[in-house]
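**Q** Provided herewith is a single structure, encoded as structure tokens, for subsequent inquiry.
The values are calculated or read from the model by the stated rules, or taken from the named source; none is laboratory data. Since this is a predicted model, take the numbers as computed values, not measurements. Because the Cβ atoms are built from the backbone with ideal geometry, glycine has one as well, and the counts that use them run over all protein chains shown. Side chains included, ligands, DNA and RNA excluded: accessible areas come from the protein's heavy atoms. Shrake-Rupley method; radii C 1.70, N 1.55, O 1.52, S 1.80 Å.
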Amino acid sequence: QGSKERFHWQSHNVKQSGVDDMVLLSKISEDAIVENLKKRFMDDFIFVSFPGQWDREQLGWALRLCQGMGQTGAAQYENPPHIYALTDNMYRNMLIDGENQCVIISGESGAGKTVAAKYIMGYISKVSGGGEKVQHVKDIILQSNPLLEAFGNAKTVRNNNSSRFGKYFEIQFSRGGEPDGGKISNFLLEKSRVVSQNECERNFHIYYQLIEGASQEQRQNLGIMSPDYYYYLNQTDTYQAGAGSCQPRRVSGAETKGSAGWGPPRSQRRRRQLPTPFSFSSFVLLQRNGFEQFCINFVNEKLQQIFIELTLKAEQEEYVQEGIKWTQIQYFNNKVVCDLIENKLNPPGIMSVLDDVCATMHAKGEGADQTLLQKLQAAVGTHEHFNSWSSGFVIHHYAGKVSYDVNGFCERNRDVLFTDLIELMQSSEFGFIQMLFPEKLDSDKKGRPTTAGSKIKKQANDLVNTLMKCTPHYIRCIKPNETKKPRDWEESRVKHQVEYLGLKENIRVRRAGFAYRRLFHKFLQRYAILTPETWPSWRGDERQGVQHLLRSVNMDPDQYQMGQSKVFVKNPESLFLLEEMRERKFDGFARVIQKAWRRHIAIRKYEQMREEAASILYNFKERRRNSINRNFVGDYLGMEERPELRQFLAKRERIDFADSITKYDRRFKPIKRDFILTPKCFYLVGREKVKKGPEKGQIKEVLKKRVELQ
């Protein structure tokens, strides 16, 4: 109570649990990773650093520590991991580097992807500034979640609030870092849930919310009954979602205005994007995996491919290309699974075979589906990640084997909403109906009609292309149990997730690799301020400039390597040494600027006061009556007759003006002075009593001030 000491992560009273950065594990194995996760989970340390390829690994404790690192005395990389810190890192990288950022959130159903996304958007809303218009955008960002969850989330056997669609938020920022627009895209809404659900599962939340939240008047006017009255809701005899599900709430106008995009027109935005976050329903082993789950799992394979491409494949390839000493680390590349699903030719993938069957067979039901199974066996039957069984097929996904029942595949893949029906709806006189059909139709286009599979394949590849243009960040959510209870740890389940996520290989690459890499010119641009030779710009070979800069800050040679076009820094600590030195330089320059500005303000204030004083005397200053026509004498002291004053001047120094004046001290006490002006100087002569010597007690002239006119 009343103590001024601040919390610090290294305080002795802070409990340590395992290691928060998995790179620091003494032994890298699946068992060691699982054991560390268990320790932290049991001690309520639910965040762990799984290293990916990011530029600045700024791991903080929470919102207050992310914003107050200077108060804790610890650098950001020294603090335990937290979603807020990852978000803070993305946001600041976007502002500093001017590069788009993205975070990919992955994990099993119920592992915490939706909650992680809420944390990210809440943090962004908190740290970014802005006025009334910006606040409107923030309100939409935060308030869109309950609305999307109402129409897109449902209770499943694994999760009381399972997202039955993929979400992609793109938030656009002004150059000042304020959110000024964005859009929300959704993928693969599980439409079949509307008409049928698996055992112990519910329909989408919105139906139960409508029934529970309706007023008595609404119930009577709309004929709303209890959930067990409706066939679409009573098939599983499950009506309660349990804790964590969406509750009925009043929807504000901000949530429902317009479509999925908001903010000012794009032409008026000068923006940087932070496409964040992207989360998706994960692999679910249902009693009956159908076409929708097949599409969902395909998108998950594509997202895993991004992770592999950027953290394992591309990183190792970059070391080789740049001439960095490197021993290759083996890993499973799931591109072979993606090709199995989406290949067009040689051999055709599952989706291509499915489209062919839908185009050539007009029959519905079992006949088309069995033909599909036969053609798949002929096309990809020998593929190492494919097997067939009597009613379907099995794909060896990166997360494990998943079996699919082909019944209904062809029917659900066909895009039964034909172009003429869409055109009819778009020509409606009701704007609401027009808004429900936003498709852009190409009336001149001939050939095969689009299918659901081809649409999701295009969406997935467009998404991958968008994310690949961003600086990526990752959140891997691990589900510890199926009971939805705290501190319940299922060892085999966690180990399976650790294995298929490739965390061991990822940690090995990160441990042997480099935390930071930058093109020579970008590195020089950022840290040029650290040495006089590189500031404001280095003149000469960029490689030599980087080496000069690193030598100047005394960085150990084993902490960095020079590539062909990039510099590689091994540890985050070394990077933050540079960042701290850079901050100190800017702080010093800021003080110089502040000093100059204060001086400028003081001079302006003085000039203003002088002008005000002059305006007071304007038209009031005139000669005394007895001074009219009086000649200017100059020497009013009679200096020729005053050797006691003349002694302070040089020989033959001309006197332009001399007179007695009155000086006022700080207490406004008047003191007599003699003022003497010559071409070179002016003098102020006063009088003091002699305190020592033979002339003690006598009054003598004393030179108080001599100022050269220059």
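**Q** Of the residues ILE124, ILE206, only one is within 16 Å of the chain's Cα centre (by Cα), hydrophobic (A, V, I, L, M, F, W, C) and either modelled with pLDDT of 85 or more or crowded, with 21+ Cβ neighbours inside 10 Å (or both); which? Spell out the reasoning first.
**A** Details: ILE206 fails: within 16 Å of the chain's Cα centre (by Cα).
Exactly one of ILE124, ILE206 is within 16 Å of the chain's Cα centre (by Cα), hydrophobic (A, V, I, L, M, F, W, C) and either modelled with pLDDT of 85 or more or crowded, with 21+ Cβ neighbours inside 10 Å (or both), namely ILE124.
**Q** Out of curiosity, is GLU505 under 30 Å from ASN100 (Cβ atoms) and either outside the structural domain of GLU342 (by the TED database) or open to solvent by less than 20 Å² (accessible area, probe 1.4 Å) (or both)?
**A** Judged against the criteria, GLU505 is a match.
**Q** What is the one condition in (1) under 28 Å from GLU301 (Cα atoms); (2) touching a Ser or Thr at 6+ places or on another chain (Cβ under 7 Å); (3) modelled with pLDDT of 85 or more; (4) buried (at least 19 other Cβ atoms within 10 Å of the Cβ) that GLU149 does not satisfy?
**A** Failed condition: (2).
**Q** Filter region 561-579 for residues that are under 20 Å from TRP538 (Cα atoms) and either free of Cβ contacts under 8 Å to residues at least 24 places away in the same chain or assigned to a helix (DSSP H, G or I) (or both) and give the result.
**A** Scanning region 561-579 gives MET562, LEU578, GLU579.
**Q** Taking only region 545-583 into account, find how many residues are within 23 Å of GLU318 (Cβ to Cβ) and surrounded by fewer than 12 Cβ atoms within 10 Å (Cβ to Cβ).
**A** The number of residues fulfilling the criteria is 4.
**Q** Here's a follow-up. Is it the case that LEU345 is modelled with pLDDT of 90 or more and either buried (at least 16 other Cβ atoms within 10 Å of the Cβ) or out of contact with any helix residue (DSSP H, G or I) (no Cβ under 6 Å at 6 or more places or on another chain) (or both)?
**A** Spelling it out, it is not the case that LEU345 is modelled with pLDDT of 90 or more and either buried (at least 16 other Cβ atoms within 10 Å of the Cβ) or out of contact with any helix residue (DSSP H, G or I) (no Cβ under 6 Å at 6 or more places or on another chain) (or both).
**Q** Quick one: how many residues across region 312-339 are touching a residue at least 60 places away in the same chain (Cβ under 8 Å), closer than 16 Å to TYR398 by Cα and not in a loop (DSSP other than H, G, I, E, B)?
**A** The number of residues fulfilling the criteria is 2.
**Q** Just a yes or no: is a residue in region 406-427 assigned to a loop (DSSP other than H, G, I, E, B), within 33 Å of the chain's Cα centre (by Cα) and of a type in the set (Gly, Ala, Ser)? Working first, answer last.
**A** Of all residues in region 406-427, those assigned to a loop (DSSP other than H, G, I, E, B) come to 406-408, 415-418, 427.
Checking which are within 33 Å of the chain's Cα centre (by Cα) leaves us with none.
Looking through region 406-427, none of the residues is assigned to a loop (DSSP other than H, G, I, E, B), within 33 Å of the chain's Cα centre (by Cα) and of a type in the set (Gly, Ala, Ser).
**Q** What are the pairs, 6+ residues apart or on separate chains, where a residue within region 297-310 that is touching a residue at least 12 places away in the same chain (Cβ under 8 Å) has its Cβ under 8 Å from a residue that is charged (D, E, K, R) and assigned to a helix (DSSP H, G or I)?
**A** PHE298/GLU342; PHE298/LYS457; GLN305/LYS335; ILE308/LYS335
**Q** Which members of region 682-706 meet the condition of being assigned to a strand (DSSP E or B) and open to solvent by 50 Å² or more (accessible area, probe 1.4 Å)?
**A** Those that are assigned to a strand (DSSP E or B) and open to solvent by 50 Å² or more (accessible area, probe 1.4 Å): PHE682, ARG687, GLU688, LYS689, ILE699, LYS700, LEU703, LYS704, LYS705, ARG706.
**Q** Looking at PRO643, PRO679, PRO670, which one is modelled with pLDDT of 85 or more, exposed (fewer than 10 other Cβ atoms within 10 Å of the Cβ) and touching a Phe, Trp or Tyr at 6+ places or on another chain (Cβ under 7 Å)?
**A** Being modelled with pLDDT of 85 or more, exposed (fewer than 10 other Cβ atoms within 10 Å of the Cβ) and touching a Phe, Trp or Tyr at 6+ places or on another chain (Cβ under 7 Å) holds for just one of PRO643, PRO679, PRO670, which is PRO670.
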